[in-house]
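Working notes, beginning with the structure itself.
A short reminder: the numbers here are calculations on the coordinates, not readings from a lab. All figures in this text were calculated on a predicted structure; none of them were measured in a lab. Glycine also receives a Cβ, built like all others from the backbone with ideal geometry; neighbour counts cover every protein chain displayed.
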Amino acid sequence: MMQTVPGPTSHVFFSQRLRLHYVDWGNESAPPLMLVHGGRDHCRMWDWVAQAFRDDYHVIAPDLRGHGDSQWIVGAQYTIIDYVYDLATLIDQKQLQPLTIIGHSLGGNVTLQYAGVYPEKVQKLVSIEGWGPPPDMIRKRADKSPQLRMREWIDMLRDMAGRDVRRYETEDAAVRRMRDANPHLSPEQARHLTIHGTNQNEDGTYTWKFDNYMRAFSPHRFNEEDAHDLWESITCPVMLVRGQESWAADPEKTHLMDHIPDARSVSFEKAGHWVHHDRLDAFVDTVRDFIQD
């Protein structure tokens, strides 16, 4: 009789009075490895990566606030500093330090800042396209006056308040939307991500789990000076991962590499923003060599 490999267990912790969710893949005596997803995503997007590392590491994957099965905020913003606080709370509560972290997109940005705040707690860090907005986006926002940025932000929030959440009549329709967002996904990957990333409503339709309000960018400009100061405080080796078909800025063509003391970059062909989905085997092999070096 074939034995099935058990999946992760679900857990809850509290941060700033929010009920936040994470999954634990077991193997608690092994070195800790935390996987932090990106915006509009969820912790189960890491399942294939977690399965590849679970025998050698104690793998933890949180749902960021407003994502997955974590609570949505009310009357506040989703900011990087709040995500960093949540991460610090979970790491301290579970006594995971020192640990290795892999973060994607928003999660990569959060983990880079965490590693700058607590350099002594991070042994290795992998950031998949998680180093903040592209330089041209930063410049475009910087050209706008504070008044205009505030007006646009207020209009955006009011628009979201009156907008109906998109509903999908069937799970298959949501799967198709998932594949539209990333054509590299296999049908099996897209269905898995959709199953764990949607709720079925009372009327039978499906909606994504993430809070639409997390789309609202702060009206304040991205503080490059503070970000650079934090990155310069990172003491662990850092790998910056990019897909060659992605919109993300190439770290080797920006000043990012100048601000992280021990950084290297790797780019993957035939991969977009979700490198760990698009080139799973190559990604796992590359990361394993890096974190076990």
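Taking the highest mean first, how do the peptides 151-160, 92-101 order by number of other beta carbon atoms within 10 angstrom per residue?
92-101, 151-160
Quick one: which residues, 5+ away or cross-chain, put their amide H under 5 Å from the amide H of residue 126? H built at 1.01 Å from N.
Amide H neighbours of residue 126: 101, 102, 103, 239.
Based on the alpha-carbon gyration tensor of the chain and its eigenvalue square roots a ≥ b ≥ c, which shape applies: rounded if a/c is under 1.5, prolate if not and a/b is larger than b/c, or oblate?
It is rounded, given that a/c, with a ≥ b ≥ c, falls under 1.5.
At q = 0.11, 0.13, 0.14 Å⁻¹, what log₁₀ I(q)/I(0) does a Debye calculation on the Cα points of segment 75-200 give, no solvent, two decimals?
Listed by q, the Debye log ratios stand at -0.64, -0.88, -0.99.
Let me have the 222 nm mean residue ellipticity of the chain computed from DSSP H runs of 4+ only, each contributing -39500 (n - 2.57), with the sum over all residues rounded to the nearest 500.
For the chain, the value works out to -10500 deg cm²/dmol.
What ranking of 137, 45 emerges when the number of other C-beta atoms within 10 Å of each C-beta is taken as an exposure proxy, fewest first?
Going from least to most buried by this count: 137, 45.
Based on the alpha-carbon gyration tensor of segment 1-133 and its eigenvalue square roots a ≥ b ≥ c, which shape applies: rounded if a/c is under 1.5, prolate if not and a/b is larger than b/c, or oblate?
Cα axes put segment 1-133 in the prolate bin.
Dipole size in debye (nearest 20) for segment 192-263 around its Cα centre, Lys and Arg Cβ +1, Asp and Glu Cβ -1?
The dipole magnitude comes to about 300 debye.
With the cut-off at 31 Å, tell me which of the pairs 144/209; 124/144; 140/270; 144/253; 94/209 have Cα atoms farther apart than that.
144/209; 124/144
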